[in-house]
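What follows is one structure encoded as structure tokens, with my remarks underneath.
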Amino acid sequence: MPSSTLAKPKLAQQHPTWSGWVDSCDWVKTSPTGTLTLPANASEIMILALDPDVSVTQLARVTSRDQVLAARMLRLANSAYCAPLQEITTISEAVVRLGTASVRNVVLATCMASRLQSGNTYGAHGRGLAAHGIGTAFLAQLVARVAIVNQEEAFLYGLVHDMGKLLVLQLSKDYVRGGGKAPADDAVQAVIEARHAEFGGRVLREWRLPSVIEDPVIYHHRPDECRSHPLEAAVCYLADRLSHRYGFGCKAMPDLPVLDDPIAVRLGITEAWLQDLDTRAPELFKSAADAFA
Ligand SMILES: [Fe+2]
Ligand SMILES: [Fe+2]
């Protein structure tokens, strides 16, 4: 939280309108609450989990310091989502069971869920966006399996694909904190529509996530334009569409065409696969959402 009252008028003086401030991208440096900053412990775990040489002991030690995170990790490791044969009772076992990439995913999902559900910033949007992120993460993993791309990465870009929406909501509050006039709701919505994918990529770059996560987020509404990770962008796009089909964190659109979509065809989605998902998705989503909530 900004303690200085001096900082407040400065932001509004430099940028007389909210949209001007948003367009300037100056908020990366001047936003009073930072760019959706992660708690220090979470960033430490993420960086460790991205290190291919990290040991289970190192990861377990850092994770155990955060009780909420530790409890969630145990719950997830024991959930139907992971289906362990025996009950997992220690963090080290949970790390082994989940794998380092999943630990990173749990950290991010937990941070996202707790930030979204607690603060005043996101209001009624927060809960929906958290559920939409978790549902899309789970679907991205399933689509990735069919498309033969990395499933852990798919979980991560599915989880954070609409992160830019949160950023825009946060920026609308931050501008007021910085002494500016509150933007109109429709102005905020217009920026969300037009720029959430691009801004989401910006947040992920700040978090130092690799481009294989950042690119699918930037291109999740126009995967055909993604040059560096086209397959991952297509997986993210389709997972988002499926998430809307089932109404994960949003209004269900059961008639949303999937099989006619050339991207679904390219990824190898078949009628039988979709029929199977239609029956299993709601229950599996509930299990994943319970584990993270
Ligand atoms: Fe989106
Ligand atoms: Fe979405």
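State which entries of K173/K251; K10/K165; K29/K181 exceed 23 angstrom in Cα-Cα distance in the structure shown.
Table pairs above 23 Å Cα-Cα are K173/K251; K10/K165.
If R₀ is 41 angstrom, what is the calculated FRET efficiency for the pair S24 and E87, using the beta carbon separation as r and rounding to 0.05? Let's see the in-between values first.
On the way: r = 53 Å, r/R0 = 1.28.
For S24 and E87, the calculated efficiency is 0.20.
Mind checking the full-extension length gain between E271 and A190? Use 0.36 nm per residue of separation minus the Cα-Cα distance, one decimal, nm. Show your work: numbers first, answer last.
Values: separation 81, 0.36 × 81 = 29.16 nm, distance 3.58 nm.
Residue separation times 0.36 nm, minus the Cα-Cα distance, leaves 25.6 nm.
For a protection proxy built on the mean count of beta-carbon atoms within 10 angstrom, sort 186-195, 229-238 highest first, please.
Values: 186-195: 15.1, 229-238: 25.0.
Ranking the peptides 186-195, 229-238 by packing returns 229-238, 186-195.
Round to the nearest 0.05 the FRET efficiency obtained for D290 and V96 when R0 = 22 Å and r is the Cβ-Cβ distance.
In this case the efficiency is close to 0.45.
What number, in nm² with one decimal, is the all-direction average of the projected area of the convex hull of the alpha-carbon atoms of the stretch 143-217? Working shown, then result.
On the way: hull surface 22.3 nm².
For the stretch 143-217, averaging the hull's shadow over all directions gives 5.6 nm².
Which order do the peptides 215-227, 160-172 come out in when sorted by mean C-beta neighbours inside 10 angstrom, highest first?
On the way: 215-227: 20.5, 160-172: 24.0.
Ranked by mean Cβ neighbours within 10 Å, highest first: 160-172, 215-227.
What full-extension length gain, to one decimal in nm, is calculated for T57 and E283 as 0.36 nm per residue of separation minus the Cα-Cα distance?
On the way: separation 226, 0.36 × 226 = 81.36 nm, distance 3.38 nm.
The span from T57 to E283 would gain 78.0 nm if fully extended.
Between E44 and S211, what is the label-point separation in nm under the 7 Å Cα-to-beta-carbon projection?
3.1 nm
All of the numbers you see were taken from the coordinates with simple rules; none came from a lab. Keep in mind that what you see is a predicted model, and the values were worked out from it rather than measured. Counting neighbours? That spans all protein chains shown, and the Cβs are built from the backbone with ideal geometry, glycine included.
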